[in-house]
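The values are calculated or read from the model by the stated rules, or taken from the named source; none is laboratory data. All values reported here derive from a predicted model rather than from experimental measurement. Here the Cβ is made from the backbone with ideal geometry for all residues, glycine too, and neighbour counts use every protein chain on show.
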Amino acid sequence: MTDALAARARQALAHPSLRRLLAAIPAEHRGDARQMRSWLAVAAGIDGLDGDAFRQAHHAVVEWNDAVSLADDIARAYHDPKLRARYGADAVERAWSDPQTARELLLKESGAGRLPPEADGALRLIYEAQQFAAESGAKLPAPAAKPLPTAADEVDAEYQTLIGQSATGRLLPAEAERLQSLAEARVAAQDRQSAAAEAVGDRKPTPSEYASLIAKSVSGRLSDAEGARLTGLAGERAVAEGRATADDVAEQ
């Protein structure tokens, strides 16, 4: 975001009518948004620098400076030890690449009345960044998708964790998409295992009811009753594996 606005400012300052002004600014200051804003604030009072070219350059430099200041605030929040202690390093990393999901999580906590000051500040920064991007036309980075694990046991472990969260109603939109991708990866792995077993003459094992419903959910063919049954089975598994309590599941 800051690079795009810096380029926009440089382009505006390259106008022929501003050549003498730019030449008067030390070269080491021209790549510094704060220094450039100060120079243009002083230059605003000079006769002959009140035309459209100067106004456009001044506006571009102000936007660039605002973006740099906002980026600095976000970086401080990113390294805030209180945020990392409360949510964990992985959650902070996720928020850095997927601010919309972080915003939804913090709004949920805020609605429940348990948002600490440092998290409230992080939520404010997310709003400011999204608003700034909308007003300036600069694009926020697209959420970075975490690659799916390649090992079957790692796929299964992450899948079971998210299933447990879904059984207790704590799944965010990005996590729901992740769960769907993991489910597809599990079904694909099972198909490969079955094909390999058949290739060596083994009888194809009969899938469990849970596995059968998961396979149907991937293709979107679950009825309401089957969906309810899958949720119930997921809750039972979460309780059996210690990832949720019976009370958690009963509340759903």
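Residues in segment 35-65 that are in contact with a Ser or Thr (Cβ under 8 Å, 6 or more places away or on another chain) and acidic (D, E): E63 only. One residue alone among A53, A85 is in a helix (DSSP H, G or I) and in the same structural domain as Q11 (by TED's automatic domain parsing), and that residue is A53. Please work out if A53 is more than 30 Å from D120 (Cβ to Cβ) and either surrounded by 14 or more Cβ atoms within 10 Å (Cβ to Cβ) or touching a Lys or Arg at 6+ places or on another chain (Cβ under 9 Å) (or both). Spelling it out, A53 is indeed more than 30 Å from D120 (Cβ to Cβ) and either surrounded by 14 or more Cβ atoms within 10 Å (Cβ to Cβ) or touching a Lys or Arg at 6+ places or on another chain (Cβ under 9 Å) (or both). The lone criterion from (1) of a type outside the set (S, T, Y); (2) modelled with pLDDT under 80; (3) within 22 Å of E236 (Cβ to Cβ) left unmet by A157 is number (2). Restricting P173, P149 to residues that are under 29 Å from R103 (Cα atoms), surrounded by 11 or more Cβ atoms within 10 Å (Cβ to Cβ) and modelled with pLDDT under 75 narrows the list to P173.
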